[in-house]
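One structure is given below, encoded as structure tokens.
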Amino acid sequence: TLPIHFNVSKNNFEKGTLIKGCEEGVCIKEKKILIFVDNKMYSQLANDINRFSLDIKNDLNSDIIIFWDSWNDPKSIKKIITDNKDNLYGIFLIGDLPYVKFARTGDPKLQWVSDFYYSDINNNCLYNKSYNFYDIETCASSRLTYGPWVARIKPNDKVNKIQAIKDYFNKNHNYRVG
């Protein structure tokens, strides 16, 4: 999986360059935001996602890194997150990306899905192999320390997903530019 980064000086997206919040030639690396997109979404929404990335970069003075692939395993996303945890401020998950199950060891039948797993940059969440879930009680301690926010952009299955996300990005952009 190759990341794409925005190059401010060329004002286009190329592999291997990094968004910097630069004012008068002075670049300060304050925050980093990772965007994960499934291949199908990215191939159809690349321009919208890139514009969204630029909007976020401008609003938050952040470095933005976009990753796209056919994500089947949450561990592959988590590996990229932990490899990029320095100055990590937030994570966007766009499209059909994997969820993980959570429960309490004391009540393994009551399970739910959550993106909390992705904000656990110190890998405190323990996996219960017997019941196939992450134990929320082991994760709770990681939330007491710094962890990035996680936002998932995924329409429900009853709508045209591509058009729904395109509409979302258009509304988001129009809000930001007034």
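The values are calculated or read from the model by the stated rules, or taken from the named source; none is laboratory data. Being a predicted model, the structure only gives us computed values, none of them experimental. We place every Cβ from the backbone using ideal geometry, glycine too, and count neighbours over all the protein chains shown. In case anyone asks, the SASA skips ligands and DNA or RNA and just uses the protein heavy atoms, side chains included. Shrake-Rupley method; radii C 1.70, N 1.55, O 1.52, S 1.80 Å.
The set of residues in region 61-88 being closer than 9 Å to LYS32 by Cβ and either in contact with a Ser or Thr (Cβ under 6 Å, 6 or more places away or on another chain) or without any contact (Cβ under 8 Å) to a residue 24 or more places away in the chain (or both) consists of ILE64 alone.
Yes or no: LYS10 over 27 Å from ILE162 (Cα atoms) and either at pLDDT below 95 or open to solvent by 30 Å² or more (accessible area, probe 1.4 Å) (or both)? Spelling it out, LYS10 is indeed over 27 Å from ILE162 (Cα atoms) and either at pLDDT below 95 or open to solvent by 30 Å² or more (accessible area, probe 1.4 Å) (or both). A single member of LYS109, LYS85, LYS101, LYS78 is open to solvent by less than 20 Å² (accessible area, probe 1.4 Å), more than 21 Å from LYS161 (Cβ to Cβ) and not polar (S, T, N, Q), and it is LYS78. In this structure, is PHE67 surrounded by 21 or more Cβ atoms within 10 Å (Cβ to Cβ) and on the phi < 0 side of the Ramachandran plot? In short, no. Could you look through region 88-112, keep only residues that are charged (D, E, K, R) and modelled with pLDDT under 80, and pick out the one that is nearest to ASP69 (Cα to Cα)? My answer is LYS101. Contact map, region 113-128: first residue within 20 Å of ARG152 (Cα to Cα) and modelled with pLDDT of 80 or more, second residue of a type in the set (S, T, N, Q) and surrounded by fewer than 20 Cβ atoms within 10 Å (Cβ to Cβ), Cβ cut-off under 7 Å, separation 6 or more or different chains; pairs are ASP120/SER142; ILE121/THR82.
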